[in-house]
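What follows is a single structure, written as structure tokens, with notes after it.
The values are calculated or read from the model by the stated rules, or taken from the named source; none is laboratory data. Being a predicted model, the structure only gives us computed values, none of them experimental. So basically every Cβ, Gly included, is an ideal-geometry build from the backbone, and we count neighbours across all protein chains shown.
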Amino acid sequence: MPGYGAEAAGVRKGDRIVAIDGKKIQLWEELQGIIHTKKNAVQVRLSVLRGNQELSFDVRIHEKKLEDVLGNKRKVGLLGITASEELKKIRHGFFQSFPLAVTRSWELTTLTYEALWRMISGRLSFRESVTGLPGIYDLTSKATKLGIIAVLHLVAALSISLAIFNLLPIPVLDGGHLFFLAVEEIRGKALSVKAEFVVTRAGLVFIIALAVIVTGNDIIRLYGDKITKLLGK
């Protein structure tokens with residue numbers, strides 16, 4: 001990217017970064033994790049493979065304010081490079097895979113609840129952040145083209161997302177039942193049959209309405225242009 005430290009230091013398109021300040025890296029995410037924490041004007045030593053030759057460059061960091069996936073603006077350090085489209089498969093043994101799975105599941109859970117809170121508070125677009133069956137179909141189609149690993153990863157993410165949604169304190173869902181149990185424990189007595197029926201019915205109406213709205217948003221977002229062209233004809 002023009003105007004950044006990588007270009008000024010002599011890094012070229014196609015170079016493969018193998019280490020930062022002597023620390024070996026394999027993945028783009030590892031590089032981001034290190035560079036984003038750096039401050040403006042700090043220099044890092046990049047070890048780069050160019051063909052069969054290993055080169056070293058002292059690259060100056062530039063700070064820039066960027067938005068993350070939740071719309072939070074924060075300053076991050078940048079080298080002025082982008083990732084290649086190459087996919088790299090890394091195999092882990094069982095004892096390494098289990099804690100990695102727990103860590104990723106926890107990261108997805110906290111990210112989801114933070115996103116829900118930001119949507120409720122109006123700081124995150126509901127339309128752009130939630131998807132239903134049409135959106136899931138589109139994601140699955142794209143994952144299928146990448147192979148079975150991508151499909152399994154998507155299935156795991158969807159399973160965790162479903163579990164998270166199911167634990168929300170909404171009547172009809174398991175989270176709603178747990179909420180009522182907590183209320184009954186605090187009150188020292190159960191809700192009346194009529195009250196429970198009304199609240200459960202309201203929860204069901206809310207879930208159906210949410211499904212209709214989300215599905216409608218998906219159809220407009222994914223197929224809006226095609227529908228417009230068909231209607232135009």
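For this structure, a couple of remarks:
Matching residues to (1) closer than 29 Å to residue 108 by Cα; (2) loosely packed, with under 13 Cβ neighbours inside 10 Å:
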| site | (1), (2) |
| --- | --- |
| 164 | yes, no |
| 170 | yes, no |
| 175 | yes, no |
| 181 | yes, yes |
| 187 | no, yes |
| 191 | no, no |
| 207 | yes, no |
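- Cross-chain or 6+ apart pairs with Cβ under 7 Å, the stretch 184-207 first and of a type in the set (Phe, Trp, Tyr), then surrounded by 13 or more Cβ atoms within 10 Å (Cβ to Cβ): 206/170
- All of 48, 102, 59 fail the test of being more than 23 Å from residue 216 (Cα to Cα) and not assigned by TED's automatic domain parsing to the domain that holds residue 21, apart from 102.
- Counted residues, the stretch 38-74 - those being at pLDDT below 85 and basic (Lys, Arg): 4
- Breaking point among (1) modelled with pLDDT of 90 or more; (2) of a type in the set (S, T, N, Q); (3) surrounded by 13 or more Cβ atoms within 10 Å (Cβ to Cβ), for residue 200: (1)
- Looking only at residues in the stretch 49-77 that are among the aliphatic types (A, V, I, L, M) and within 21 Å of the chain's Cα centre (by Cα), the one that is nearest to residue 19 (Cα to Cα) is 76.
- Candidate set: the stretch 56-83, residues that are of a type outside the set (D, E, K, R) and free of Cβ contacts under 8 Å to residues at least 12 places away in the same chain; chosen: the one nearest to residue 6 (Cα to Cα): 56
- Output for the stretch 15-35, where each listed residue is exposed (fewer than 15 other Cβ atoms within 10 Å of the Cβ) and in contact (Cβ under 8 Å) with a residue 40 or more places away in the chain: 26, 27
- Here residue 80 fulfils each of the conditions (1) within 19 Å of the chain's Cα centre (by Cα); (2) assigned to a loop (DSSP other than H, G, I, E, B); (3) at pLDDT 90 or above apart from (1).
- Criterion violated by residue 70 - all others in (1) of a type outside the set (S, T, N, Q); (2) surrounded by 14 or more Cβ atoms within 10 Å (Cβ to Cβ); (3) not in a loop (DSSP other than H, G, I, E, B) satisfied: (3)
- Cβ-Cβ under 9 Å pairs, at least 6 apart or on other chains, the stretch 103-121 side closer than 12 Å to residue 71 by Cα, far side at pLDDT below 85 and in a helix (DSSP H, G or I): 115/129; 118/129; 119/126; 119/129
- Residue pairs whose Cβ atoms lie under 9 Å apart, separated by 6 or more positions or on different chains, with the first residue in the stretch 135-156 and in contact (Cβ under 8 Å) with a residue 24 or more places away in the chain and among the charged types (D, E, K, R) and the second surrounded by 14 or more Cβ atoms within 10 Å (Cβ to Cβ) and in a helix (DSSP H, G or I), are 138/218; 138/222.
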